[in-house]
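S.K.: The following block contains the structure, expressed as structure tokens.
The values are calculated or read from the model by the stated rules, or taken from the named source; none is laboratory data. Because the structure is a prediction, the values reported are computed rather than measured. Note that each Cβ is placed from the backbone with ideal geometry, even for glycine, and that neighbours are counted across all protein chains shown.
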Amino acid sequence: AVTKPVEILPVADEDPWVAALGMVIQPADGDGPIAEAERGSTSQGDTTWTFRAKTPRHLREAIAAAVSAGDVEPRPDHLELVFEALVDRESGDLHTAYVVAKDKGLALESGTKAAYLEDGPMPVILLKMTESDGERFADLTQEYLGKRLAMVVDGVCLSAPTVHEKITGGEVQLT
């Protein structure tokens, strides 16, 4: 069970800095940083950005190189890079990262119960929220319909699913 604070943070796919970064982070040749950006879209046609790298350090170095070259501005203070807890085996053991808007999310109260279970091929994340967290979570999912929300514990992204409907009731199970 997770006993650390849980944050629910919007993935900042629509932020201009994220789009600029996505356009300049390309697979490197030779000895350069091994990082890539993947542009996708939601069912509503909104652009999504997912970043992958051989190690978190490689992606940070690729971002630093893009900033140093003047290809992108330094990361704005309201944005944060978070990496998924598990390595993406389907993409060749790459680490997946998202840029989240840390100023628009929800920090769950200490009374919220969270569990991260690895029973089987896919991990399961369970959240049982306090009444006030459940109400705030419902409002957040309503606001971000069709967009991705990252579940972050201790700076690590456990999951970043797309919200398909307003989620009420204060209990969530993600697989």
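S.K.: Name the residues in the range 136-162 that are assigned to a loop (DSSP other than H, G, I, E, B) and among the basic types (K, R), would you?
M.R.: K147
S.K.: Could you give me the residue pairs with C-beta distances under 9 Å whose first residue belongs to the range 122-151 and is more than 22 Å from E14 (Cα to Cα) and crowded, with 20+ Cβ neighbours inside 10 Å, whose second residue is modelled with pLDDT of 90 or more and among the basic types (K, R) wherever it lies, and which are 6+ apart or on separate chains?
M.R.: Listed pairs, sorted by first residue: M129/R136.
S.K.: Another question about this same structure. What number of residues within the range 107-133 satisfy the criterion of being in a strand (DSSP E or B) and either modelled with pLDDT of 90 or more or small (G, A, S) (or both)?
M.R.: Filtering the range 107-133 for residues in a strand (DSSP E or B) gives 107, 113-117, 124-128.
Add one more test, that the residue is either modelled with pLDDT of 90 or more or small (G, A, S) (or both), and what stays is 107, 114-115.
Of the residues in that region, 3 qualify.
S.K.: Also: Would you check if R136 is among the basic types (K, R), modelled with pLDDT of 85 or more and farther than 23 Å from L86 by Cα?
M.R.: yes
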